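Heads up, the thing below is written out as C-alpha cells.
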Number of protein chains: 2
Amino acid sequence: MIRKLETHATLDRRDREAIRALPHHVRTFDASAYLVREGDSLQHCSVLVSGYAFRQKVTGDGLRQIVSLHIPGEPLDLQHLFLDLADHNVQTLTRAEVAIIPRAALQSLALSHPAIGHALFVNMLVEGSIFREWALNVGRRDARTRLAHFLCEFAARLEAQGLDGGRGYELPMSQEQIGDALGLTAVHVNRTMKLLESEGLIVRTKRRIDIPSWTALREVADFSSRYLHLRTKAG
Amino acid sequence: MIRKLETHATLDRRDREAIRALPHHVRTFDASAYLVREGDSLQHCSVLVSGYAFRQKVTGDGLRQIVSLHIPGEPLDLQHLFLDLADHNVQTLTRAEVAIIPRAALQSLALSHPAIGHALFVNMLVEGSIFREWALNVGRRDARTRLAHFLCEFAARLEAQGLDGGRGYELPMSQEQIGDALGLTAVHVNRTMKLLESEGLIVRTKRRIDIPSWTALREVADFSSRYLHLRTKAG
DNA sequence: CGGTATTTTGAGCAGTGTCAAAGACGGTGG
DNA sequence: CCACCGTCTTTGACACTGCTCAAAATACCG
C-alpha cells in the first residue's frame, strides 16, 4: 500500500524493500481530526491508507481555504518532509487510517536512494502543480466552471489511483467544505451544484456524483488533466 | 550567484564546487519573454541571475493567473526539474539574465549529493508553500487585504534575498499584471492601490512602493512570513 | 513630438455573499 | 419502531464587492 504511491510516479527496483522496511505504525483517525496544525514542528510524515483528507489554511479572521484533497494511497505529508514548521493544517475528511513514518527515516531514505528520491521529487512537484491549478481555478474561473473543474479533478485523480472515479464517485465533503475548497459560499455552491445538475452535466444522489458525459463536463470545466502529470491516458 | 540560492535553504560544504562546476550558460531575455511554455518538454532548468520573472497559467478563455513571482537569485525551473511536460508558463517581467542548466546534470547532482538534494527539496517545498498561500489569498481575502498581502510578500522576499525590500522597493509590474496575480481586474487594482495609499499604508512613486509602517501594513495584510520558511528573523 | 502603453475616473451592472428559515437526513436513546 | 436532535441541504430576498465599458490623463520611448 505504501509502495503504491511511490510507483504512482516512478518505477523502483527493490528500493521497495527499503520502503517496506520503513519503521511505521498505522493509526486510525475520526472524521475531521487534525493530523497537522499550522505551527507544529513535525517529527513524522504519513501516508493515507484509507479514507480522505485535505489541507487547509485559515485567514486571520477565520475564513478557511482548502488547498488540496488527498485520496487513499497518497502520501500526506511530503509537503513538510524537509520543512520544520508546518505552514498549514492537514485534516481528515472522513474516518481514515494513516501510516505514520518518522521523518528522519524517510528523509535519509530519500537522500540515499536515488530512485526513491526521484519518486519523492516527482510527487512533490505534482502536488505543487495541483496547487498552481487551484490558484488558477479560484482566481480566474466563475463559480460554475470552478465547481465543474473541481469535480473533474477529483474524478481524474480517483481514476488514476485505480479507485472508481471515471463515471461517478462518492464525494466525501459537505457543501460547506466544497465552498472552502473553491473560495465560494456554501450557499452558492448549492446553487451552482443544482445548476450543473439542471444542465444535465452531473447527476447527484446524496453525495454521489455521476457524470453522464465526461466530455461535456470536461468542456464546461475547462479541464485538462495535464497538470496532474498522470502516466495513464485519460485527459 | 547560483550558489546563493542553494544556501538560501541549507548549508553545503564543497558541494558548492559541484554546483559551480555545473555546465551552464547565461542568456539575456527581453521583458515579457517566455522562458517556458505550457506543454513544452523541458531539457533544462534555469536560475534568475538578474531581473524578475513570473509563472502563469491561462484559462480556456484567455484569463491569466500569475501563480508566483521570482526575484533575482532564485532558481526558476525547479518546478519542472523532474516533470516532463510543462504545466504552466514562465515569463520574464523585466529584461533578465538567466543561467541555463541542462536538466539531466542538475537531476543527477540532486540525486547523488545528499546535501544538494536536500537543498533542492527545501526549495521546492517552500515554493509549494507559497502556492498554497496564494490560493488562500486569492480565494479568501478581499481586494484590500489581498493586495496588501501581496505587497508584503514581495517586500519580505526581497529583504530575505538581501535586496532592498523592507522599507520600500520598486515593483516591476503593471497594474494589469498585479491584477493577474491577485485574481482582480486592473481597474480594481488601481482603486485598491489608491485606497491603501489614502490610508497611509503605502506611498507610491511611479512603481516604487514605500512602506511607512511595516507593522501597520502587515496587520492589514493579515501577513505572517511563516509560509516563506525564511531562516532570517523578520516576521 | 507623435504614438503606444499604463494609470485614473466614472457610471452602471452582475455574480456572489449575507441573513434567515424551512426542509431532509442520519443517528440516538427509549 | 418512533420521537428528538444536530448537521446538511435548499430557497428566497437583498446587499455589496468587484467587473465592464469607455474615455480622459499621464508616462514612456524612439
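The values are calculated or read from the model by the stated rules, or taken from the named source; none is laboratory data. The structure presented is a predicted model; accordingly, all values stated were derived computationally and were not measured. So basically every Cβ, Gly included, is an ideal-geometry build from the backbone, and we count neighbours across all protein chains shown. Ligands, DNA and RNA are stripped out before the accessible areas are found, and what is left, the full protein with its side chains, is counted by its heavy atoms. Shrake-Rupley method; radii C 1.70, N 1.55, O 1.52, S 1.80 Å.
When restricted to residues that are in contact with a helix residue (DSSP H, G or I) (Cβ under 7 Å, 6 or more places away or on another chain) and either without any contact (Cβ under 8 Å) to a residue 12 or more places away in the chain or open to solvent by 10 Å² or more (accessible area, probe 1.4 Å) (or both), segment A:161-191 contains 12. Which condition number does B:Thr205 fail, the rest of (1) modelled with pLDDT of 95 or more; (2) closer than 23 Å to B:Phe54 by Cβ; (3) within 11 Å of DNA strand C (Cβ to nearest atom) being met? That leaves (1) as the condition not met. Meeting the requirement of 1 or more residues that are among the basic types (Lys, Arg), the helices (runs of 4 or more DSSP H) wholly within segment B:138-235 are B:143-160, B:186-198, B:214-221.
Within segment A:40-63, if we keep just the residues that are surrounded by 18 or more Cβ atoms within 10 Å (Cβ to Cβ) and under 28 Å from B:Asp222 (Cα atoms), the residue that is nearest to the other protein chains (Cβ to nearest Cβ) turns out to be A:Lys57. Taken together, A:Arg141, A:Arg157, A:Arg167 contain a single residue that is touching an Asp or Glu at 6+ places or on another chain (Cβ under 7 Å) and away from DNA strand C (no atom under 14 Å from the Cβ), which is A:Arg167.
Residues of segment B:17-32 that are surrounded by fewer than 16 Cβ atoms within 10 Å (Cβ to Cβ) and either under 23 Å from B:Leu171 (Cβ atoms) or touching a Lys or Arg at 6+ places or on another chain (Cβ under 8 Å) (or both): B:Arg20, B:Thr28, B:Asp30, B:Ala31, B:Ser32. For segment A:93-125, a residue qualifies if it is in contact with an Asp or Glu (Cβ under 6 Å, 6 or more places away or on another chain), at the interface with chain B (Cβ under 10 Å from one of its Cβ atoms) and surrounded by fewer than 22 Cβ atoms within 10 Å (Cβ to Cβ), and the qualifying residues are A:His113, A:Ala115, A:Ile116.
Name the single residue, out of those in segment A:126-148 being open to solvent by less than 10 Å² (accessible area, probe 1.4 Å), within 8 Å of chain B (Cβ to nearest Cβ) and small (Gly, Ala, Ser), that is nearest to A:Leu230 (Cα to Cα). The extreme case among them is A:Ser129.
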